[in-house]
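Chemist: First the structure, which I've put down as structure tokens, then a few questions once you've had a look.
Only the coordinates and a few stated rules stand behind these numbers; no lab work does. For clarity, every value in this text was computed on a predicted model and none was experimentally measured. Positions of Cβ are backbone-derived with ideal geometry, glycine not excepted, and every protein chain shown enters the neighbour counts.
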Amino acid sequence: MASDVFDQRIKARFPVGSDEAALRAELGREGFAIRRDKDLPLDSYARCHANELVCAADWVIRWNRVDGKIANIEVTYKEVCL
């Protein structure tokens with residue numbers, strides 16, 4: 001499944017303990033909008049949304065950090081087609 005592949009690639013590239021600044025920089029280059037919400041358990045998130053003719057897709061990465069390192073990371077991918 002595409003969601004599993006996306007999850008595996010992100011977690012392999014940015015495993016727990018890796019530098020959060022590198023994650024933010026890479027996601028910014030890839031066109032993700034990065035936000036922080038202190039009310040969420042994973043307080044940082046990045047989202048990329050694509051609308052195609054008959055499909056829409058969302059890539060979302062959520063994480064929190066401790067001392068500039070990724071402490072936890074979750075990845076989701078969702079696609080909806082007519």
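Chemist: Tell me which aspartates and glutamates have Cα within less than 18 Å of residue 11's Cα, excluding those fewer than 8 residues away on the same chain?
Modeler: Leaving aside aspartates and glutamates fewer than 8 places away in the same chain, those within reach of residue 11 are 19, 20, 26, 30, 43, 58, 74.
Chemist: Considering only 70, 45, 2, whose Cα is most displaced toward the positive end of the charge dipole of the chain, charges sitting on Cβ of Lys, Arg (+1) and Asp, Glu (-1)?
Modeler: So the residue furthest toward the plus end is 70.
Chemist: Would you calculate, for the chain, the mean residue ellipticity at 222 nm contributed by helices, counting each DSSP H stretch of 4 or more residues as -39,500 (n - 2.57) and dividing by all residues, to the nearest 500?
Modeler: It comes out at -8000 deg cm²/dmol, rounded to the nearest 500.
Chemist: Counting Lys and Arg as +1 and Asp and Glu as -1, each charge on the Cβ, what is the dipole of the chain about the Cα centre in debye, to the nearest 20?
Modeler: Result for the chain is approximately 180 debye, rounded to the nearest 20.
Chemist: Relative to the first principal axis of the alpha-carbon coordinates of the chain, what is the inclination of helix 2-13, with its axis defined by its Cα atoms, in degrees from 0 to 90 and to the nearest 10?
Modeler: Rounded to the nearest ten degrees, it is 30.
Chemist: If eta is 1.306 mPa s and T is 10 °C, what Stokes-Einstein diffusion coefficient results for the chain, Kirkwood Rh from Cα pairs, in µm²/s?
Modeler: Stokes-Einstein gives a translational diffusion coefficient of 121 µm²/s.
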